[in-house]
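Scroll down for the structure; my scribbles are underneath it.
What follows draws every value from the coordinates through simple rules; no lab data is involved. Computed from a prediction, not measured in an experiment: that's the story for all the values here. Methodologically, a virtual Cβ is constructed for each residue, glycine included, from the backbone with ideal geometry; neighbour enumeration extends over all protein chains shown.
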Amino acid sequence: MKHLYFLFIPLFLISCDPKDMQKVLDSVSNVPLSNADIAAGLKQALDKGVDQSVKTLSATDGYYASIYKILLPEEASKVIDKLKFIPGFANLEDEAIKRINKAAEDAASKASPIFLNAVKQMTFDDVMDILMGEKNAATTYLHDKTHLALYNEFKPIMTSSLNKFGALNLWSDAINKYNSIPFVTKVNPDLADHVSNKALVGLFALVEKKELGIRTDISQRTTDLLQKVFAKQDKK
């Protein structure tokens, strides 16, 4: 499937009365759609959602300064509590969070081909259920069908990015220092696993938000195909 090129909505759709706009969309929705058209429209919607989501989260502070900010694993709290009074570890939590979010942003910038390839693998079997289903049906389908494979491909990218920003070394030093304290229960959380999972949670949440926009806001259907396909779900 070709990458989605963002097109301007035709001028008459922007400038005309909302009632006239709806008449135009109603006439569009009456045009017969083939199975291939419907499948292509859904893939285009996901394509758009993924592309925009990746661009948003891979931008500077895309994770760090957003509601998708990634925090440290739950086990980290006892490590931080023990180390915060030790020289060199006073700012451990803040510094670690900054580094893992920078790593997530860097990894996200390389993730687009992985996710778009997953979209391309969709079959028509579930397409009508998705189109006429819940407002997040396409994202749910993508998550259920691809999450494990995406994680397996994404984690090595995340590990590389965590190394790039020194997050793994910082965390390893902290864990080693913590585990050397007498009588503590030793810990060794998998930071790459934690950040990869949280990064994917944020990405799918943003894709879901984009899908909802296309389903409920006709101005976000920026191609003829999107207008035709999602006009069909408007009538359900």
Looking only at aspartates and glutamates whose Cα falls under 20 Å of Lys43's and that sit 8 or more positions away or on another chain, we get Asp51, Asp125, Asp126, Asp129, Glu134, Asp144, Glu208, Glu211, Asp217, Asp224, Asp234
In whole angstrom, the spacing between the Cα centers of region 150-194 and region 80-135 equals 16
Of the listed links Lys102/Lys186; Lys110/Lys135; Lys98/Lys210; Lys69/Lys232; Lys78/Lys209; Lys82/Lys110, those spanning more than 31 angstrom between alpha carbons are Lys69/Lys232; Lys78/Lys209; Lys82/Lys110
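Can you give the FRET efficiency to the nearest 0.05 for Asn169 and Asn117, using r as the Cβ-Cβ distance and R₀ = 25 Å? Don't skip to the answer; put the middle values down first.
Numbers: r = 32 Å, r/R0 = 1.27.
Efficiency for this residue pair is about 0.20.
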Semi-axes of region 34-234 from the Cα gyration tensor (sqrt of 5 times each eigenvalue, largest first, whole Å) come to 40, 15, 13
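What FRET efficiency comes out for the pair Thr140/Asp37, r = Cβ-Cβ distance, R0 = 25 Å, nearest 0.05?
Details: r = 22 Å, r/R0 = 0.88.
About 0.70, to the nearest 0.05.
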Under a Gaussian network model of the chain whose springs join Cα atoms within less than 10 Å, the largest fluctuation of Ser109, Ser58, Ser180 belongs to Ser180
Full extension between Ser66 and His147 adds, at 0.36 nm per residue less the Cα distance, a length in nm of 26.9 nm
Along the dipole axis of region 168-228 (charges at Cβ: +1 for Lys and Arg, -1 for Asp and Glu; origin at the Cα centre), the most positive-end residue among Phe183, Val201, Gln227 is Gln227
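Based solely on its DSSP helices, what 222 nm [θ] is calculated for the chain when runs of n ≥ 4 H residues each add -39,500 (n - 2.57) and the sum is averaged over all residues, nearest 500 deg cm²/dmol?
On the way: 11 runs with 159 residues, N = 236.
Using -39500 (n - 2.57) per qualifying helix, the result is -22000 deg cm²/dmol.
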Here the relative contact order (percent) of the chain, from C-alpha pairs under 8 Å and at least 6 apart, is 35
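When a footprinting reagent is the concern and you count Cβ atoms within 10 Å, what order do Phe154, Phe165, Phe115, Phe183 take, fewest first? It would help to have the intermediate numbers written out before the result.
Details: Phe154 23, Phe165 18, Phe115 26, Phe183 4.
The order, fewest Cβ neighbours first, is Phe183, Phe165, Phe154, Phe115.
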Membrane-span-like helices (DSSP H runs, Cα span along own axis at least 30 Å, mean Kyte-Doolittle at least -1.0) in the chain -> 35-58, 137-164, 191-216
Residue separation between Asp129 and Phe183 times 0.36 nm, minus their alpha-carbon distance, gives in nm 13.8 nm
